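Trainee: After the structure tokens below, expect a handful of questions from me.
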Amino acid sequence: MSILAFGINHKTAPVDIREKVAFQPAQVIDALRDLTSRPHVKEAAIVSTCNRTELYCGLDRQNHEIITQWLSRYHNLSVDDLMPYIYAHPDQLAVRHALRVASGLDSLVLGEPQILGQMKDAYSTASSAGTLGNLLDRLFQHTFSVAKQVRTDTAIGASPVSVAFAAVSLARQIFTSFEDQTALLIGAGETIELTARHLHEIGIGRMIIANRTLERARSLAEEFNAYAISLPEIPSHLAEADIVISSTASPLPILGKGSVESALKIRKHRPILMVDIAVPRDIESEVGNLSDVYLYTVDDLQEIIQEGLRSRQEAAEQAEEIIDTQVSHFMNWIRSLGAVDTIRAVRENAEVKRDVELELALKQIAAGKDPEIVLKQFAHRLTNKLLHVPSTQLKQAGYDGRAELLKAARDLFDLKTTDL
């Protein structure tokens, strides 16, 4: 059986195409069962995110046209509309692709960890749908193991490469622990949401989310067990904040020097880290002159981001070496499957001969024959039966001059080599 990794991603297709072939979570199980009902498709899993839709299939013969036709029909698209954006990786290339995707090497943001969770979700869904067989099950398990090794053995995810990650990385340089710290996040857009996620992951003690629209602040706050306030309420809570990260679309500053000075007095001049991600700026530049404030702007973060990208690129090279090795290991396992039927047939043949001779020996013992004599005869007859055909074949191989078969027999039975 063959493996196929098939799909589109942010590198091959614009967002309007990716939207058309995306699968909603509620669709996936029915889609998987429909896909595996197609001729030659024995196993399947679907990974569908905002940046990629990929089908991992186990096929009894390699033919990606079947999958192309199914995907276009399922989403009511023409094959011609879909073809320019599709990639189809067979067998070894499919294994390599799966390992690179799970390790974050094929992501829009190099080394991002979310895709591994999304692949685990895809595996779980396919398992629930009953569309995983031995081949894909082993592939996904191997993929998860390799992705973990990449994250453990390289720094692929350690360095900041987004504004939100860089802002939180600054906080980690200043604070040794976070369980007693309070963060005030101003805004409720994508950057603040990602910042909140990073802070939540590192164990921030408390979060306050301020936004012009209170309902949006509450919606985001619920996800992270935070406290929501409106923008006019900020002065009443500013003194509580050890970390302030702001990213709004306001044309005018939200925090001025006076309000920050008042907060510092209440805090008895305990320092505040302030990160202003907004353009135009949300925090007046004069705030940076206060002795107990560490103020960074989005420009200050760019150096951190560039350094993070360089670090991740170096880690990615190390990750590719790990993946090269692990692809080879998986392909060796696949090749070993070719011997399974032969091994099973050899064992079944031996077991039939054993059972015949064992039944005869037991009858002789039951009839009163000396057990020691019976066992010796049993061993002799069984040895002869097991070795008769191989011996005959090897004699014929010697007669025919087939030295390679004689050598293979020595390897198979782990015999000392002799000149042939």
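Trainee: I'm trying to understand the selection: among the residues of segment 282-305, which are without any contact (Cβ under 8 Å) to a residue 24 or more places away in the chain and surrounded by 12 or more Cβ atoms within 10 Å (Cβ to Cβ)?
Mentor: If the condition is that a residue be without any contact (Cβ under 8 Å) to a residue 24 or more places away in the chain and surrounded by 12 or more Cβ atoms within 10 Å (Cβ to Cβ), then SER285, GLY288, LEU295, THR297, ASP300, GLN302 are the ones that fit.
Trainee: Also, I was wondering about something else. Just to verify a result, which residue in segment 1-31, among those that are in a strand (DSSP E or B) and β-branched (Val, Ile, Thr), is farthest from MET331 (Cα to Cα)? Even if it seems obvious, please write down each step before you answer.
Mentor: Initial filter on segment 1-31 (in a strand (DSSP E or B)): 2-9.
Imposing the further condition that a residue be β-branched (Val, Ile, Thr) reduces the set to 3, 8.
Working: ILE3: 11, ILE8: 24 Å.
Ranking the qualifying residues of segment 1-31, first place goes to ILE8.
Trainee: So is ARG96 of a type outside the set (Ser, Thr, Tyr) and within 17 Å of the chain's Cα centre (by Cα) or not? Show your work before the answer.
Mentor: On the way: of a type outside the set (Ser, Thr, Tyr): yes; within 17 Å of the chain's Cα centre (by Cα): yes.
It is true that ARG96 is of a type outside the set (Ser, Thr, Tyr) and within 17 Å of the chain's Cα centre (by Cα).
Trainee: Please verify whether segment 38-55 includes one or more residues that are hydroxyl-bearing (Ser, Thr, Tyr), more than 13 Å from THR125 (Cβ to Cβ) and surrounded by 22 or more Cβ atoms within 10 Å (Cβ to Cβ).
Mentor: Yes, segment 38-55 has at least one match.
Trainee: I'm checking my understanding of the structure. Among residues of segment 1-11 that are within 20 Å of the chain's Cα centre (by Cα) and surrounded by fewer than 21 Cβ atoms within 10 Å (Cβ to Cβ), which one is nearest to HIS97 (Cα to Cα)? So that I can check it myself, show each step before the final result.
Mentor: Within segment 1-11, the first condition is being within 20 Å of the chain's Cα centre (by Cα), and the residues that meet it are 3-11.
Applying the additional criterion that residues be surrounded by fewer than 21 Cβ atoms within 10 Å (Cβ to Cβ) yields 9-11.
Values: ASN9: 12, HIS10: 15, LYS11: 14 Å.
Per the criteria, the residue is ASN9.
Trainee: Can you tell me how many residues within segment 95-120 are touching a Leu at 6+ places or on another chain (Cβ under 6 Å) and surrounded by fewer than 21 Cβ atoms within 10 Å (Cβ to Cβ)?
Mentor: So the count comes out to 0.
Trainee: Let me ask you something else. Scan segment 158-188 residue by residue and report those that are free of Cβ contacts under 8 Å to residues at least 60 places away in the same chain and assigned to a loop (DSSP other than H, G, I, E, B).
Mentor: Passing the criteria: THR176, SER177, PHE178, GLU179, ASP180, ALA188.
Trainee: If TYR123 satisfies all but one of (1) under 28 Å from GLN27 (Cβ atoms); (2) surrounded by fewer than 17 Cβ atoms within 10 Å (Cβ to Cβ); (3) modelled with pLDDT of 95 or more, what's the number of the condition it fails?
Mentor: (2)
Trainee: Can I ask one more? Can you name every residue in segment 219-272 that is over 19 Å from ALA188 (Cα atoms) and either aliphatic (A, V, I, L, M) or touching a Cys at 6+ places or on another chain (Cβ under 8 Å) (or both)?
Mentor: ALA239, VAL260, ALA263, LEU264, ILE266, ILE272
Trainee: Another one. What number of residues within segment 39-52 satisfy the criterion of being in a strand (DSSP E or B) and either at positive phi or at pLDDT below 95 (or both)? Steps first, please.
Mentor: We begin by selecting, within segment 39-52, every residue in a strand (DSSP E or B); these are 41-48, 52.
Narrowing the set further to residues that are either at positive phi or at pLDDT below 95 (or both) leaves 48, 52.
Here the count works out to 2.
Trainee: Against the definition (part of a helix (DSSP H, G or I), on the phi < 0 side of the Ramachandran plot and either modelled with pLDDT of 95 or more or hydroxyl-bearing (Ser, Thr, Tyr) (or both)), how does ASP81 come out, yes or no? Steps first, please.
Mentor: Values: part of a helix (DSSP H, G or I): yes; on the phi < 0 side of the Ramachandran plot: yes; either modelled with pLDDT of 95 or more or hydroxyl-bearing (Ser, Thr, Tyr) (or both): no.
Judged against the criteria, ASP81 is not a match.
Trainee: Which condition breaks for ILE67 when tested against (1) under 21 Å from TYR123 (Cα atoms); (2) touching a strand residue (DSSP E or B) at 6+ places or on another chain (Cβ under 9 Å); (3) not in a helix (DSSP H, G or I)?
Mentor: Of (1) under 21 Å from TYR123 (Cα atoms); (2) touching a strand residue (DSSP E or B) at 6+ places or on another chain (Cβ under 9 Å); (3) not in a helix (DSSP H, G or I), only one is false for ILE67: (3).
Trainee: Among the residues of segment 228-246, is there at least one that is under 27 Å from PRO113 (Cα atoms), assigned by TED's automatic domain parsing to the domain that holds ALA167 and part of a loop (DSSP other than H, G, I, E, B)? It would help to see each step written out before you state the result.
Mentor: Restricting attention to segment 228-246, the residues satisfying the condition of being under 27 Å from PRO113 (Cα atoms) are 243-246.
Going one step further and asking which of them are assigned by TED's automatic domain parsing to the domain that holds ALA167, we end up with 243-246.
Now narrow it down to the ones that are part of a loop (DSSP other than H, G, I, E, B): none.
The answer is no; no qualifying residue exists.
The values are calculated or read from the model by the stated rules, or taken from the named source; none is laboratory data. Please read all numbers here as calculations on a predicted model, not as lab measurements. Every residue, glycine as well, gets a Cβ built from its backbone with ideal geometry; the counts of neighbours run over all protein chains shown.
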